[in-house]
Structure formats: structure tokens, C-alpha cells
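In what follows, a single structure is set out as C-alpha cells and then discussed.
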Amino acid sequence: MSTVMNPSIRGAITQRNPLTEVLFAFKREFIIVGIFSAVVNLLMLTPTLYMLQVFDRVLHGQSLTTLIVVSLITLFLFAMMAFAEWARSILLVRTGVKLDQALSKKVFLSSFLSYLNPSESEPSKAFGYLIALRQFMTGNGVFALFDSPWLPIYIAVLFLLHPLLGWLAIGFSVIQVGIAWYGYQVGRETQLTSDEAQRTAQKFMQSKLRNIEVLSSMGMLAPLYQRWQGLQFRALLQNGSTQQRIGLVSAISKFARYTQQSASLAAGAWLVIHGEVSMGAMIAGNVLMTRALAPIDLLVSSWPGFLSSKDAYTKLSVLMAFKVAGRDKVLTEAPVGRLKIEGLQARTNGREKPILDGVNFEAFPGMATVVLGPSGSGKSTLARAILGIWPDYDGKILLDDQPIAQWTRESLGVHLGY
């Protein structure tokens, strides 16, 4: 039998997901953060220029006045860089608060509404997903995304110092990007497996806690603990495997970073020995190359947070995209109370035979209508279908000859008892 979802509560994915719309509303804040990041990255060239001035001009000319002037200018630029760093951090913190305020009500309502959705949207964990998404979007991972586009500019400056330094930076950039990509591939699969194992253990525990009185009275806690311990041990093994792989990626990245620092210094020394660059250019090139690759290092260390936020975004998108179609009319007057059911058929997942099949009856105002039947015959299902909170049914449910599913829950709920 084909399953047809009741149109009154069918989940619909709009052209632009509600979560995407909320995030898009904060584009102005992120543009400002991008501007501050541009200022920070531009001023990151200050140490390089200062070293070149000190080694190639001050020491060569033995001019104390030049040293004082250059140092004061550098100090002023450092102050501007510190202010820009502080400003973008404060702005991201405030953006995080506004983002939480903009999403919390939507997530709250979607959490309740999505229980009508037969898909697996895990509404009980919605606020955990919201926290994970907010923390990543207002943390260091975002700084890495804003700083990474400046990598070509730093490499261009290194080429100006000497082509060998520029090519060396490109080589290590490719290595670091490869490590980051490998970390993403490894982390994505293992993190999903680890999270699924942890969720299984938590679901098992939560389902048993709801029956704690029965389990305790019948002395079932010991075997229950053994079953939970098996699930928990599997989750710990999966988590340990995930952390080991992520740790391996971090160790490889750290090895590449230390190698890059020594290699750039060695290349600069070789160029100085052959008279192709000055001592100041050697030291400045080493500092600049380290700075150029810093965003990539930050991206590697931010992969776990990125994977968690990506999963959180996907789950929240599914949860918030579910909506009740057709419930848009406001009931302005108290209904008379005539209820009519025609051809009601209610189904559930995993069961071929409908719970209710072809139910027809009328209930009139001022009369008590009693529904009798053995346990499991569908009395509760009928009540839920009448209220429009059963997710999968066909047929007509009319209140005063109008489909009950067309009214908003807020306007209809005050006239109902359940």
C-alpha cells in the first residue's frame, strides 16, 4: 500500500531554508568582520617591513633618529592591529548573541512541531545543534576563513623578496592544504560513526529511564547496566579511534609547520651567503612565511568544530524546514462544535495494515460521543487524527463543515480539550 502523507502536516522544504534566511540576515555583520580581518592581515606585514628597515637601513646607516621614527610608526600600526583584532572579536561575540536570539524561538517551535514529522530530525537535540553552530560561527574557525584569502598576498610579498622564498611558501601551502583535506576526509567519516554510537547509547539510557520504577522493582538494573555498558564501550572505542586519527592529522600538520620554519630560515641563510638577499630579508621572509601559513594551521585544528557545525547545520535545516502546510487561517469565532469524520484512514511506519481504515461518524454539539474498543484498536490514534497531530492519515475531518486542519493551532487550541 502506498503511503500518502496528510497534506495538513506534510513537511515542506521551501526554496530557501528558514535557517539559511536567518544566517543570511547577518551578512552585514560578517562583512564588517571581513573588513576588520582585512585590516588585521594588511597590518600583519608590519613586522616584515620593520625588520627590513632595521637590518637594511638603521644598522647600515647607524641612524638613531631613523630607528626611533620607524619604531614609533611600527608601534602605532601594532596598536591599530590590536584594535582591529579586538573589534572583530567583540563583533563576533555580539553577533553570536543576536544569532541565538534570532534562532532560539524558531528552533523552540520547530522542536515541538517536528515531532509530527515521521523523518528522523532529533528535535530533542535541537538546541545542542544550535550551540555547536553558533560556537563555530563566532569562534576561531571563522577567523581562519577570513584570513585564508590573504595567503596569495603574503606569497606575492615573498616573491618580491626572492622567488625561492615564494616557491617555498607555495610548496608548504600545498602540503598544508593536502593535510587539511586529508583531515576532513578522515574526520568526517570517523566523527559521524562516533556520534552515531554515542547517540545509540544515549537513546538506550533515555528510553529505560522512562520506566525506572518498573525496572527497579523487578531487579533488572544489573542486566540493563551490562547492555548499556556494551553500547557505551562501543561509543568510547569509536570516539577513541576518531581522536587518534584527528591527533595523527594534527601531528603531521605540526611536523610540516616546524619543517617549514626551519626550511625557510635555511633557504634565507643560503641566499644571504650567496649575496642574493640581505640579512633583514632573510628574517623577514621567515616571519612572513610563518604568518602566511598560520590560517591553514588554524583550519586544520578547527576541523572537528567545522564537522560538528556542518552536521548541526544539516540537522537544524531539516528540523526548521518542516512546516505545517495549510494551517494559515485564524479562527475568529468560537466554533459551534459539529464534528464530522469521512473515510478516515490512519497509518504508521513499519505497519502495512492501517490502524484506522474507513472510519465515518458525526459528533453533535451538546452531546457526549463515546468511543469504545479494546486496547490497541486505535482510540488514541483517532483522537490524535481528529486534532491533526497524527502525521499520516487520509480522509476528511470537518469542524462545522470546515476542514479542521486549515485553522492555526493558536486560534483553534483555545476551543479544544485533549
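Quick notes on this structure:
- Cα centroid separation, segment 269-288 to segment 367-418: 81 Å.
- Helical content of the chain, expressed as a calculated mean residue ellipticity at 222 nm, amounts to -22500 deg cm²/dmol (DSSP H runs of 4 or more residues, -39,500 (n - 2.57) each, divided by residue number, nearest 500).
- A Gaussian network model of the chain, with springs between Cα atoms under 10 Å, assigns the largest mean-square fluctuation among 258, 154, 393 to 258.
- Estimated inter-spin distance, residue 59 and residue 272, nm [label 7 Å along Cα→Cβ]: 0.7
- Karplus-derived 3J(HN,Hα), 6.51/-1.76/1.60, for each residue of segment 360-373, Hz, glycine and proline x: 9, 6, 10, 10, 9, x, x, 10, 9, 9, 9, 10, 10, x
- Dipole of the chain, positive direction: furthest Cα of 80, 271, 387, with charges on the beta-carbon: 387
- Axial C-alpha extent at least 15 Å, average Kyte-Doolittle at least 0.5 - helices from the chain (DSSP): 27-43, 64-113, 126-137, 151-161, 279-301
- Amide hydrogen neighbours beyond the local backbone of residue 331, cut-off 5 Å, H modeled: 408, 411, 412
- Relative contact order (%) - criterion: Cα under 8 Å, at least six apart; region: the chain: 26
- Efficiency of FRET between residue 387 and residue 332 - r from beta-carbon atoms, R0 25 angstrom, step 0.05: 0.80
- Cross-link reach list, lysines versus residue 125, counting only Cα pairs under 17 Å and skipping chain neighbours closer than eight places: 105, 106, 203, 310, 315
- For the chain, the dipole from Cβ point charges (+1 on Lys and Arg, -1 on Asp and Glu) about the Cα centre works out to 520 debye, to the nearest 20.
- Ellipsoid semi-axes in whole angstrom, largest first, where each is sqrt(5λ) of the Cα gyration tensor of the chain: 63, 27, 17
- Nearest-0.05 FRET efficiency for residue 396 and residue 353, computed from C-beta distance (R0 30 Å): 0.90
Here, each number is a calculation from the coordinates, and none is a lab measurement. Worth saying up front: this structure is predicted, and the values here are computed from it rather than measured. Virtual Cβ from ideal backbone geometry, glycine too; neighbours counted across all protein chains shown.
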